[in-house]
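Below you'll find the structure, written out as structure tokens, and then a few comments.
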Amino acid sequence: MIQTYLRQLVAYAKAYCMLPKADEYYTFNRLLLLLNLDDCGPEEPIPSVEGMTGPDAILAPIVEYALAEKIIAEGQEEAFSARLMDTVSLRPSQVAAAFEEKKAELGLKGATDWFHDYCEKTDYVKRSAIEKNLRWDAKGEKADLVITVNLSKPEVDNKKSAAMLHKKPAGYPSCVICRQNEGFTGHGTVRDTLRTIDVTLDGTPFFWQFSPYAYYYQHAIIINTEHTPMIVNTTALRRLMDFVDQYPHYFIGSNAALPRIGGSLLVHDHYQGGLEQMPMHRADYRTVLSAPDAKVKVGILEWYNSVVRFESDDRDAILATAASVIEAWKDYSNPALGILAETNGEKHNSCSPVVRRTETGYIIDLILRNNRTDETYPDGIFHAHPEYHNIKKESIGLIEAMGLYILPARLNRQLFRETAAFLCGAPYDGEALAEDMKIHRDTIELLLARHGNALTPEQAENAIRARINEVCEAILKNTAVFAEAEEESFRAFILGCL
Ligand SMILES: [Zn+2]
């Protein structure tokens, strides 16, 4: 009977979502109401919830029942699941209070681990969907990159996010990360079970939450309480440092605040943080530019794109030095290298600062970016070049610039199924490719020329991964404002700031 699943959901919430025993009947009755029921059903043994990592197995039969009974229509499954989970979860204020209690009981890292687990258990962080994503390490020339094919997140169009920046906020909430989304469902967003934690950064109220898509482990989003545009400047850097002072086990970084080189959401000031070490974090210096006895060690990173690293145990000194580079970069032009700070009144230079705490101090990495376009590269000169757009055409934001790729779900079918079939002997005719496979024609023909068409499925998969790895490395190099051969200019720019 359906009521047995509702009882099981209550048992799950008691075990994993801190549902107080005193709220048990109340919660069961609220669930009955959601399913238009007014009796408790027969007493049946409740299946065990032991060892469950998420509520999927309990939600599935309840959602199926709601569909069959026409309580919900097709397409409302996700929203209904979230409503069920919200009914058995703590209110936002209770979660915030529990976070403080966990901090006292388990320490700060224990508390953030608990909060992350809580968001998974209430299914806000979609653990089961995330586990289905493809993920592998790519051996690279400079470092191992991490490639993921995200099967749950829609692909974003660059031009659309640029257009969004100029769009006046309309409706409620103003955008998808505004705090008013806590508990909101509508316009295609489902945020019933969103829970957030307050944090003050440089005197400004922010809050943070986990990303439901989780590009990496404990992917946190740190958001300005006010709906105000992204900006990368000295204040932003001070805020990032304030965050790692309060959460020293997380890294935090900001997307560049211009279209084509940043995230998809420029209209609302926010940062990204997390527990995972990014490939770029593991890179070492290519060249150290500061004097051996300088308070701040400054150098160029041995990395694909243009990164300046700063290290110091002196907070004021590292802040001042990194800020001087951020400010100088805004106006830096070097026409010989195609770097123009401004054309037709439009500014092109921005950067992505990434901050971490060390045992004794701080590390700041500044990824220098430029978003200019021209006739040859209408999507961006320092963006993935057109020959790679079949694999990645979205902007290369902060996370990818650090070497962790989030590739679109479509590749799972287009490359790992359809292209793989050609490599395993399916007849190939470039002219007869399906419409959405035409973008892959060059890739398919390159792979056929390299490997022939008699591969085993495993060999085909490896060949495709190797090509993706190659492309991801090449894209990172495309984003370098100073190519490796232009190191002299890069050094001169940095030295001029010190
Ligand atoms: Zn907003």
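Distance from the Cα centre of the range 236-309 to that of the range 350-391, in angstrom?
First find each Cα centre; the distance between them is then 11 Å.
Skip the ligands, DNA and RNA, and give the accessible area per residue of the range 228-378 with a 1.4 Å probe, whole Å².
36 Å²
Whenever you get a sec, line up Asp379, Asp38 from highest to lowest accessible area (probe 1.4 Å, protein heavy atoms).
In descending accessible area the options line up as Asp38, Asp379.
Can you bin the range 290-377 into rounded, prolate or oblate? Criterion: square roots of the alpha carbon gyration tensor eigenvalues sorted a ≥ b ≥ c, rounded for a/c under 1.5, prolate for a/b above b/c, oblate for the rest.
It comes out prolate by the Cα gyration axes.
Give me the percent of accessible area attributable to carbon and sulfur for the range 410-478, probe 1.4 angstrom.
50 percent
Answer rounded, prolate or oblate for the range 44-109, using the Cα gyration tensor with square roots of eigenvalues a ≥ b ≥ c: rounded when a/c is under 1.5, else prolate when a/b is larger than b/c, else oblate.
prolate
With a 1.4 Å probe and all protein chains kept in place, how much accessible area does Lys21 have, in Å² rounded to the nearest 10?
150 Å²
Work out the length of the dipole vector of the range 2-89 about its Cα centre, built from +1 on the beta-carbon of each Lys and Arg and -1 on the beta-carbon of each Asp and Glu, and round it to the nearest 20 debye.
Dipole about the Cα centre, nearest 20: 240 debye.
How large is ³J(HN,Hα) for each residue in the range 177-189, as worked out from phi by the Karplus curve 6.51 cos²θ - 1.76 cosθ + 1.60 (θ = phi - 60°), to whole Hz, x for Gly and Pro?
Calculated HN-Hα couplings, in order: 10, 4, 5, 4, 6, 4, x, 8, 9, x, 6, x, 9 Hz.
Using only Cα atoms and rounding to the nearest 10 degrees, what angle (0 to 90) does helix 77-88 make with the longest principal axis of the chain?
Orientation of helix 77-88: about 70 degrees from the principal axis.
Could you tell me which of rounded, prolate or oblate describes the range 410-478, using a ≥ b ≥ c as the square roots of the eigenvalues of the alpha-carbon gyration tensor, with rounded for a/c under 1.5 and, failing that, prolate when a/b is larger than b/c and oblate otherwise?
Taking the square roots of the gyration eigenvalues as a ≥ b ≥ c, the range 410-478 is oblate.
Just name one of Ala421, Leu411, His440: the one whose Cα is farthest towards the positive end of the charge dipole of the range 410-478 (beta-carbon charges, Lys/Arg +1, Asp/Glu -1).
Leu411
Can you give me the % of accessible surface on the range 185-282 that is carbon or sulfur? Probe 1.4 Å, all protein chains present, nothing else counted.
It is 49 percent, rounded to a whole number.
Compare Tyr428, Tyr26, Tyr285, Tyr247 by solvent-accessible area with a 1.4 Å probe and give them largest first, with all protein chains kept in place.
Descending accessible area places them as Tyr26, Tyr428, Tyr285, Tyr247.
Taking the Cα centre of the chain as origin, sum charge times position over the Cβ atoms of Lys and Arg (+1) and Asp and Glu (-1), and report the length of that vector in debye to the nearest 20.
With Lys and Arg at +1 and Asp and Glu at -1, about 480 debye.
How far is helix 441-451 tilted, in degrees, relative to the longest principal axis of the Cα atoms in the chain, given as a value from 0 to 90 rounded to the nearest 10?
Roughly 80 degrees between the two axes.
Treat each spin label as a single point 7 Å out from the Cα along the C-beta direction, and report the Gln94 to His281 distance in nm.
Placing both labels 7 Å along Cα→Cβ, they lie 3.3 nm apart.
Check which residues have an amide H placed less than 5 Å from Leu407's amide H, if you skip close sequence neighbours.
When sequence neighbours closer than 5 places are left aside, the close amide H contacts are Thr148, Val149, Asn150.
Please turn the phi angles of the range 477-493 into ³J(HN,Hα) values with the Karplus equation 6.51 cos²θ - 1.76 cosθ + 1.60 (θ = phi - 60°), one per residue in order, whole Hz, x for glycine and proline.
After applying 6.51 cos²θ - 1.76 cosθ + 1.60, I find 5, 4, 7, 6, 6, 10, 5, 4, 6, 9, 4, 4, 5, 4, 4, 4, 4 Hz.
Helix-derived [θ] at 222 nm for the chain: sum -39500 (n - 2.57) over DSSP H runs of at least 4, divide by residue count, nearest 500?
-11000 deg cm²/dmol
Is there a quick way to get the dipole size of the range 410-478? I mean about its Cα centre, with the Cβ of Lys and Arg at +1 and of Asp and Glu at -1; what is the value in debye to the nearest 20?
The calculation lands at about 200 debye.
Write down the accessible area per residue of the range 42-89 in Å², having rolled a 1.4 Å probe over the full set of protein chains.
56 Å²
Just to verify a number: what accessible area does Lys109 come out at with the full protein assembly present, 1.4 Å probe, Å² rounded to tens?
My reading of the accessible area for Lys109 is about 90 Å².
Kirkwood Rh, Cα Rg: Rg to Rh for the chain?
1.00
Using Cα atoms only, what is the angle between the long axis of helix 92-121 and the major principal axis of the chain, expressed in degrees (0 to 90) to the nearest 10?
Result, in degrees: 70.
With a 1.4 Å probe and all protein chains in place, put Ser254, Ser489 in order of accessible area, largest first.
Heavy-atom accessible area, descending, gives Ser489, Ser254.
The values are calculated or read from the model by the stated rules, or taken from the named source; none is laboratory data. Source: prediction; values computed, not measured. In this analysis, Cβ positions are derived from the backbone assuming ideal geometry, glycine residues included, and neighbour counts consider all displayed protein chains. The accessibility values were calculated without ligands, DNA or RNA, using every heavy atom of the protein model including side chains. Shrake-Rupley method; radii C 1.70, N 1.55, O 1.52, S 1.80 Å.
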